[in-house]
1. Anything in the range 109-154 that is in a loop (DSSP other than H, G, I, E, B), acidic (D, E) and over 20 Å from the mean Cα position of the chain (by Cα)? List them, or say none.
2. If you go through the range 287-315, how many residues are in contact with a Ser or Thr (Cβ under 7 Å, 6 or more places away or on another chain) and of a type outside the set (S, T, N, Q)?
3. Checking M196 against (1) at pLDDT 95 or above; (2) closer than 29 Å to L85 by Cβ: exactly one of these is not met. Which one?
4. Condition (residue is in contact with a His (Cβ under 8 Å, 6 or more places away or on another chain) and part of a loop (DSSP other than H, G, I, E, B)) applied to the range 81-89: is it met by at least one residue?
5. Right, I308: of a type in the set (V, I, T) and farther than 28 Å from P132 by Cβ or not?
6. Please verify whether A152 is without any contact (Cβ under 8 Å) to a residue 24 or more places away in the chain and closer than 25 Å to A6 by Cα, treating the condition exactly as stated.
7. Can you tell me which residue in the range 16-52 is nearest to L103 (Cα to Cα), limited to those that are free of Cβ contacts under 8 Å to residues at least 12 places away in the same chain and part of a loop (DSSP other than H, G, I, E, B)?
8. Of G18, G29, G33, which residue is buried (at least 23 other Cβ atoms within 10 Å of the Cβ) and not basic (K, R)?
Amino acid sequence: MSLNVAVQMDPIARITIGGDSTFALLLEGQKRGHRLSYYTPDRLVMLNGKVFANVEPLEVRDKSGDHFSLGDPKRVALDQFDVVLLRQDPPFDLAYITATHLLERLAPATLVVNDPGHVRNAPEKLFVTHFPELMPPTLITSDKQAIEAFRAEHRDIVIKPLYGNGGFGVFHLQPGDENLTALIELYARAGREPMMVQRYLPEIRQGDKRIVLVDGEIGGGVLRIPASGEARANMHVGGRPVKTEITPREREICERIGPELKRRGLVFVGIDVIGDYLTEINVTSPTGIQEIDRLDGVALEARLWDAIEARRAAM
C-alpha cells in the first residue's frame, strides 16, 4: 500500500532527530514507499468551506544537520491526501483548536491521525478525568478557597496549568510552603483557565512512566527519572530515560482506557503513570517512540504505520 501522506507539524528544521517521534514516523513512512508532504499549521487555509494547505514535498534522512529536503510549495486541497498526520506540538490553545476544526472537515475522504475532533475533546489533563478511579485525588478550579481546602486535606500537593505541557509551570508545594497564594495570583494573571491540583505522589522520585499505546494496545514504556532536586521527570528538564517493564497495575490501566482510545480514533497515545496512578493521557503530539525503541529493541513507528494503514484500508 503506497499512501499520499501530509504531515502538519512545527518547523522541521528545528527538530532534534535523535529523539523526535514525528521524525521516526516520517522515516518509516518513507521506507514503506509512502509519498510525504509537509506543512506548518500557519499554512492551513479554508476557502469557501474547503480546506487547503501550502505543502512541500518532503524527503527525510537519518543524518543530523541534513535531515530533510523540501520540494516546491504548492497549495493543495488536503482531502486529496490519503492520510494527514496531526503532529504539531502544544500549547493546546485557540490556534490548535481552530486547526482541529479545519482538519475535521477532511472526513470521510482523508484519515487524520489522531482524529482531530477527538483530539479537541480530549486535552491531556481533562480527558484523564473520565477515569477518576485510576487517578490520584484531583481538583480543577480557579477558586482559591477550594484549592486551600484541598491542600488542607492532602497537605503535600502539585499545582499545574490545565493546558500546560512539558512540565512547564508545575510546582510542588510541601506542607508549610507559603507560596500558594502567590502562585494562584500568578496563574490568574497568566490566563483565565482553571488550574489542576493533585495530591503529591512521592513515587515520582522513582520515576514517571510514559507508556505508548498503539490503537488502544500497549506498545511499550520508558521510565523517566527526574534529575536531583526536580519534581518533574520530563526529559527536556533533565529527566533520564531508563528501561522498564509494564506492571500488572499499568496493564490494568491500559486495558481500562484502551478501548475508548481506539473508539475515538486516537491511534498514537502516550499516557503518564506515577506509582499506581494515571496522571495524563497525551493525544496532541505524543512522544517516546525513539526512547522505547532504543531501550526495548522494538520499532514502534512500524506498529503505528501498521495501524494507520489498517485504518486507511478499512475506509
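The values are calculated or read from the model by the stated rules, or taken from the named source; none is laboratory data. What you are looking at is a predicted structure, and each value in this text was computed from that prediction instead of being measured. Here the Cβ is made from the backbone with ideal geometry for all residues, glycine too, and neighbour counts use every protein chain on show.
1. Across the range 109-154, the qualifying residue is only D143.
2. So the count comes out to 2.
3. (1)
4. No: zero hits.
5. Values: of a type in the set (V, I, T): yes; farther than 28 Å from P132 by Cβ: yes.
Yes: the conditions hold for I308.
6. Working: without any contact (Cβ under 8 Å) to a residue 24 or more places away in the chain: yes; closer than 25 Å to A6 by Cα: no.
No: the conditions fail for A152.
7. Applying the first criterion (free of Cβ contacts under 8 Å to residues at least 12 places away in the same chain) to the range 16-52 yields 16, 31, 42, 47-48.
Cutting the leftovers down to part of a loop (DSSP other than H, G, I, E, B) gives us 16, 48.
On the way: T16: 26, N48: 15 Å.
Ranking the candidates gives N48 first.
8. Working: G18 fails: buried (at least 23 other Cβ atoms within 10 Å of the Cβ); G33 fails: buried (at least 23 other Cβ atoms within 10 Å of the Cβ).
The match here is G29.
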